[in-house]
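Colleague: Pasting in a structure now, in structure tokens, and then I'll have a few things to ask.
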Amino acid sequence: MKNNNISVISAFYPLKSSIYSIEQYRSWIRNLCKIPCSLIIFTTEIYALEIYQERHKYLDKTHVIVKPFNSFAMTCPSMMDLWKSQKGSYELYAMWSLKQELVRIAIHQNIFKSEWFVWCDIGIQRFSKLQDYYMNFPSNLERICSRGRMAFLEVERIPQSYIDDRSDSKPVEQPFPEIAIGSGCIVGDSEAWNEFGDAYKDMLKEFILRGWFAGKETDIFFAILMEKKTRAFRLFYAKQFVNIPGIEWLSFPVILGGNIDAEIDMRFED
């Protein structure tokens, strides 16, 4: 494998609790696989061949890691008991918690000898007619992201009251904003991801001790940010890049590809 400075990591595991069909996911996988980035995908043996077929133009930039869904730390029996205790779609809670673990596995292997690692949900590109907006992803990353810091999309502006409490080092309290930090696309270098992964596990324990619902990974991300459990995040404002209502939450890959301007929330530029 040749050196590619940015690795994009994703995963596909068909879950019983998913609200989308396998065919719907297949269409999203096809869209993602058309992007000529260095791509690592975790999946089962059943879907590995399909992914390689979709990536036939970019086999030198493709690595599929075949691992069963229950073979990770966040999906071991004791953790699955935890997710079940959270009431609801426990398989989805487990899948959402895996993001930091899968990226750290990819960092450890570092098949492409990269310096930057981007998590992308397998459904991050949902509209075939918008493919051109995503084709440069993530070519603008090194210009707008900062080493040692995690970069997220700020889907909706975080109320100033939370920023004020953060400045005063007050512990975060629920309820959290319904939609604040996006988790569909996350950026960091190896140092930032490893630190963030440790902070995630520690904050997950904190949620359990505090008796808080722990199934939504974005709540945990938000608490890490507000309680300064890792170095400051860099947050980019979500943007509507086409005339489709609600498209903003899918805009981070478009920003990272340089097809719309990046706008940073300067309140977190400590």
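Colleague: Any residue at all in region 173-183 that's over 27 Å from ILE144 (Cβ atoms) and of a type in the set (A, V, I, L, M, F, W, C)?
Modeller: Checked region 173-183: no residue is over 27 Å from ILE144 (Cβ atoms) and of a type in the set (A, V, I, L, M, F, W, C).
Colleague: Here's another thing I want to ask about it. Would it be correct to say that PHE207 is touching a Gly at 6+ places or on another chain (Cβ under 8 Å) and of a type outside the set (S, T, N, Q)?
Modeller: no
Colleague: Just one of the numbered conditions (1) without any contact (Cβ under 8 Å) to a residue 60 or more places away in the chain; (2) assigned to a loop (DSSP other than H, G, I, E, B); (3) surrounded by 16 or more Cβ atoms within 10 Å (Cβ to Cβ); (4) among the β-branched types (Val, Ile, Thr) is not true of ILE35; which one?
Modeller: Result: ILE35 passes all but (1).
Colleague: For region 120-127, state whether one or more residues are within 21 Å of ASP270 (Cβ to Cβ), surrounded by 16 or more Cβ atoms within 10 Å (Cβ to Cβ), polar (S, T, N, Q) and touching a Lys or Arg at 6+ places or on another chain (Cβ under 9 Å).
Modeller: no
Colleague: Also, I was wondering about something else. Mind checking whether some residue in region 27-42 is in contact with a Gly (Cβ under 7 Å, 6 or more places away or on another chain) and at pLDDT 95 or above?
Modeller: Going residue by residue through region 27-42, those that are in contact with a Gly (Cβ under 7 Å, 6 or more places away or on another chain) are 28.
The next check asks that each one be at pLDDT 95 or above; those that pass are 28.
For region 27-42, residues in contact with a Gly (Cβ under 7 Å, 6 or more places away or on another chain) and at pLDDT 95 or above: present.
Colleague: Kindly indicate which of VAL187, VAL172 is touching a residue at least 60 places away in the same chain (Cβ under 8 Å) and β-branched (Val, Ile, Thr).
Modeller: VAL187 is the lone residue from the list that is touching a residue at least 60 places away in the same chain (Cβ under 8 Å) and β-branched (Val, Ile, Thr).
Colleague: Return yes or no: is ALA151 surrounded by 17 or more Cβ atoms within 10 Å (Cβ to Cβ) and not aromatic (Phe, Trp, Tyr)?
Modeller: yes
Colleague: Can you tell me which residue in region 222-251 is farthest from the chain's Cα centre (by Cα), limited to those that are assigned to a helix (DSSP H, G or I) and within 20 Å of SER97 (Cα to Cα)?
Modeller: MET226
Colleague: Residue by residue through region 154-195, note down the ones that are loosely packed, with under 15 Cβ neighbours inside 10 Å and of a type in the set (Asp, Glu).
Modeller: Across region 154-195, the qualifying residues are ASP164, ASP168, GLU173, GLU178, GLU191.
Colleague: Let me ask another. Give HIS63, HIS56 a once-over and let me know the one that is over 12 Å from ALA11 (Cβ atoms) and touching a Phe, Trp or Tyr at 6+ places or on another chain (Cβ under 8 Å).
Modeller: HIS63
Colleague: Sticking with this structure for a sec: With respect to PHE112, determine if the residue is out of contact with any helix residue (DSSP H, G or I) (no Cβ under 6 Å at 6 or more places or on another chain), buried (at least 21 other Cβ atoms within 10 Å of the Cβ), of a type outside the set (Val, Ile, Thr) and modelled with pLDDT of 95 or more.
Modeller: yes
Colleague: Can you tell me which residues in region 261-270 are under 20 Å from the mean Cα position of the chain (by Cα) and either outside any loop (DSSP other than H, G, I, E, B) or surrounded by fewer than 16 Cβ atoms within 10 Å (Cβ to Cβ) (or both)? Full working, then the answer.
Modeller: Taking region 261-270 first, the residues under 20 Å from the mean Cα position of the chain (by Cα) are 262-265, 268.
Of everything in region 261-270, those that are under 20 Å from the mean Cα position of the chain (by Cα) and either outside any loop (DSSP other than H, G, I, E, B) or surrounded by fewer than 16 Cβ atoms within 10 Å (Cβ to Cβ) (or both) turn out to be GLU263, ILE264, PHE268.
Colleague: If you check LEU209, LEU204, which single one turns out to be over 13 Å from SER183 (Cα atoms), buried (at least 16 other Cβ atoms within 10 Å of the Cβ) and more than 15 Å from the chain's Cα centre (by Cα)?
Modeller: On the way: LEU209 fails: buried (at least 16 other Cβ atoms within 10 Å of the Cβ).
The unique qualifying residue is LEU204.
Colleague: I've got another one for you. Mind listing just one residue for me: the one in region 38-83 that is of a type in the set (Ser, Thr, Tyr) and either assigned to a helix (DSSP H, G or I) or touching a residue at least 40 places away in the same chain (Cβ under 8 Å) (or both) and, of those, surrounded by the most Cβ atoms within 10 Å (Cβ to Cβ)?
Modeller: Filtering first and then ranking leaves SER38.
Colleague: Which condition number in (1) modelled with pLDDT under 95; (2) under 14 Å from the mean Cα position of the chain (by Cα) is the one that MET95 fails?
Modeller: If we test MET95 against (1) modelled with pLDDT under 95; (2) under 14 Å from the mean Cα position of the chain (by Cα), just (1) comes out false.
The values are calculated or read from the model by the stated rules, or taken from the named source; none is laboratory data. What you see is a predicted model; the values in this text were computed from it and never measured. A quick note on method: Cβ atoms are made from the backbone with ideal geometry, for glycine too, and the neighbour counts reach across all protein chains shown.
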